[in-house]
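Notes follow once the structure below has been shown.
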Amino acid sequence: MRALQLFGDRDLRLEEVAAPPHPGPGEVQVRVHAVGLNHIDVWGFRGMAFAKRKLPLAVGAEASGAVVAVGEDVTHVDVGDRVVMYGAMTCGHCKACREGRDNLCENVGGVLGFHIDGFARDFVNMPQRLVVKVPDGVSLQEAACAPVAFGTVQHMLFDNAKLEPGETILVHAGGSGIGTAAIKMAKAIGCTVITTVGDDDKGAKAKLIGADHVINYRTDRFEGVVRKLTGRKGVDVVFEHVGADTWNGSLLCLKRGGRLVTCGSTSGVSTTMNLMQLFQQQYKIFGSFGCTLANIEQSLHKMATGITPVIDAVFDVADYAQGLERLESRKVFGKVIVTL
C-alpha cells in the first residue's frame, strides 16, 4: 500500500510499504479516503524539536475513511461503515479515559502523524473505541475535519468557555480552519461574532459565513476596534489560538469576568501579562488541547444538521506538500483536505 512518510525536515515521500495485517481482537481496518491538514502537520513537517519520533513516519493527524475489515469482539462498527478516527492513541483504561476525558489520557501513546505513524496511508488498523461513525448526509471530506478542527472548537467553545446564546465572541484568525468553524458554531446559537483577518478578501468571506464584524489586523489595532464595537464593555469570550502576538490585546478585549480560551501559539509560545489586570477584571482563562470522542460525535452531528466545514482546497496525496505550503502561507480560508 501507499504511505506518505516524513524522512526528515521538509522531506516527504510517497512510498510503497507493507499493508497492515488483518485487524486483531477489538480492532478495525479502515481504508483512508480523506486527510484534514492542521498546523500540527506543519510543525511536524518543519521538524519541531519537541516531537519525539522515529523516522520515517507516516504523516496525517486527522482523517476519515471506510471500514474494510473487523477483528473479533468488534461490536459497534461493521464493514462498509464510514468513520473518522481519533487522533491520539489513548489507553482507554486510565481514570480520564474511563470518564470520557480522552484528551487528558494519563498514558497516551502519542499523536498520530506527529509522534507515531499517522493516517496518510491507504489502510490503518485502529482500536474500535477510537473510531466514530459518520452520519448520513456528511461527506468524507467534510467528516475529515471533525477529529481535530471541529472537535477542538466544540471542546473550546462549549466544554471550556461555556459559550451561551446571545453572547459576544471575538474569534481570532477567522480564515483558519478552526476560526471558520468557530464563527459558524457561534453564529448558529445566536452569538454576535467579531473576527480578525489578515486581508479584506478574507473579511468578506468571513461575513458570508456569519461574522457580524471583521477587523483587518494589518490595518487596525483589533483591541481598539473591539472596545468601540462593544461600547467599551468588551466581549464575553475570546477564541484565542494565535499566541504571543495577540495575547495581551485579547485580554483587553474581554469584559469584566470574561472568558478567554486558547488552543494555540503559532506566533510564539511566551509572553508577559498584567497579573493585576487578571485578578481585578476577574478573567477566566482556559487552556484547551484536542477534544474528546464525544466532541467528535457532537461535531459530526452539527455537520449533519447544516453546520458544515469551510473547505479551502483539496489536493491529491501526491501533492500533500503543496497543501502544507498553502497552510503555511496563511493564504487559506478554511480547511485544506488531502484525498487518497
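The values are calculated or read from the model by the stated rules, or taken from the named source; none is laboratory data. Please read these numbers as outputs of a predicted model, since none were measured by experiment. Reconstructed Cβ throughout: ideal geometry from the backbone, glycine too, with neighbour counts over all protein chains shown. Accessible surface areas use protein heavy atoms only, side chains included; no ligands, DNA or RNA. Shrake-Rupley method; radii C 1.70, N 1.55, O 1.52, S 1.80 Å.
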In the range 208-241, what count of residues is obtained for those that are in contact (Cβ under 8 Å) with a residue 60 or more places away in the chain, surrounded by 22 or more Cβ atoms within 10 Å (Cβ to Cβ) and under 20 Å from THR152 (Cα atoms)? 6
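Being outside any loop (DSSP other than H, G, I, E, B) and acidic (Asp, Glu) is the filter here, so list the residues in the range 207-246 that pass it. Reasoning before the result, please.
The initial filter retains those residues of the range 207-246 that are outside any loop (DSSP other than H, G, I, E, B), namely 207-208, 213-216, 222-229, 235-240.
If the condition is that a residue be outside any loop (DSSP other than H, G, I, E, B) and acidic (Asp, Glu), then GLU223, ASP236, GLU240 are the ones that fit.
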On the basis of being over 24 Å from THR168 (Cβ atoms), among the aliphatic types (A, V, I, L, M) and surrounded by 18 or more Cβ atoms within 10 Å (Cβ to Cβ), does VAL261 make the cut? no
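May I ask you to list the residues in the range 81-110 that are closer than 17 Å to ALA34 by Cβ and not β-branched (Val, Ile, Thr)?
Here is the first cut: in the range 81-110, the ones closer than 17 Å to ALA34 by Cβ are 81-87.
Result: ASP81, ARG82, MET85, TYR86, GLY87.
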For the range 97-119, indicate whether the set of residues that are of a type outside the set (D, E, K, R), touching a helix residue (DSSP H, G or I) at 6+ places or on another chain (Cβ under 6 Å) and open to solvent by 60 Å² or more (accessible area, probe 1.4 Å) is non-empty. yes
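For the range 73-80, check the following and say yes or no: at least one residue is touching a residue at least 24 places away in the same chain (Cβ under 8 Å), in contact with a helix residue (DSSP H, G or I) (Cβ under 9 Å, 6 or more places away or on another chain) and open to solvent by less than 10 Å² (accessible area, probe 1.4 Å). Talk me through it step by step, then tell me what you get.
Looking only at the range 73-80, we keep the residues that are touching a residue at least 24 places away in the same chain (Cβ under 8 Å), and these are 73-77.
Checking which are in contact with a helix residue (DSSP H, G or I) (Cβ under 9 Å, 6 or more places away or on another chain) leaves us with 73-77.
Now narrow it down to the ones that are open to solvent by less than 10 Å² (accessible area, probe 1.4 Å): 77.
Within the range 73-80, one or more residues are touching a residue at least 24 places away in the same chain (Cβ under 8 Å), in contact with a helix residue (DSSP H, G or I) (Cβ under 9 Å, 6 or more places away or on another chain) and open to solvent by less than 10 Å² (accessible area, probe 1.4 Å).
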Taking only the range 103-126 into account, find how many residues are over 18 Å from ASP41 (Cα atoms) and modelled with pLDDT under 95. 0
Kindly provide the set of residues from the range 126-137 that are over 20 Å from THR292 (Cα atoms) and not small (Gly, Ala, Ser), ordered by number. ASP136
Any chance you could count how many residues in the range 273-309 are surrounded by 14 or more Cβ atoms within 10 Å (Cβ to Cβ) and assigned to a strand (DSSP E or B)? 3
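Name the one entry in HIS22, HIS76, HIS39 that is over 23 Å from LEU327 (Cα atoms) and at pLDDT below 95.
On the way: HIS22 fails: at pLDDT below 95; HIS39 fails: over 23 Å from LEU327 (Cα atoms).
Just one listed residue meets the conditions, HIS76.
Would you mind listing the strands (runs of 3 or more DSSP E) fully within the range 48-152 where at least 1 residues are more than 17 Å from the chain's Cα centre (by Cα), closer than 24 Å to HIS22 by Cβ and small (Gly, Ala, Ser)? Show your work before the answer.
Values: elements: 63-70, 82-85, 123-127, 131-133.
Answer list for the range 48-152: 63-70.
May I ask you to verify whether VAL138 is buried (at least 22 other Cβ atoms within 10 Å of the Cβ), aliphatic (A, V, I, L, M) and either under 19 Å from TYR320 (Cα atoms) or in contact with a Lys or Arg (Cβ under 7 Å, 6 or more places away or on another chain) (or both)?
It is false that VAL138 is buried (at least 22 other Cβ atoms within 10 Å of the Cβ), aliphatic (A, V, I, L, M) and either under 19 Å from TYR320 (Cα atoms) or in contact with a Lys or Arg (Cβ under 7 Å, 6 or more places away or on another chain) (or both).
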Considering each of SER265, SER270, SER250 in turn, give the residue that is under 24 Å from ASP41 (Cβ atoms), more than 20 Å from the chain's Cα centre (by Cα) and either part of a loop (DSSP other than H, G, I, E, B) or touching a residue at least 60 places away in the same chain (Cβ under 8 Å) (or both). SER270
Within the range 177-206, track down each residue that is open to solvent by less than 30 Å² (accessible area, probe 1.4 Å), in a loop (DSSP other than H, G, I, E, B) and closer than 25 Å to GLY323 by Cα. GLY198
Selection status of GLY174, part of a loop (DSSP other than H, G, I, E, B), under 17 Å from the mean Cα position of the chain (by Cα) and crowded, with 22+ Cβ neighbours inside 10 Å: yes
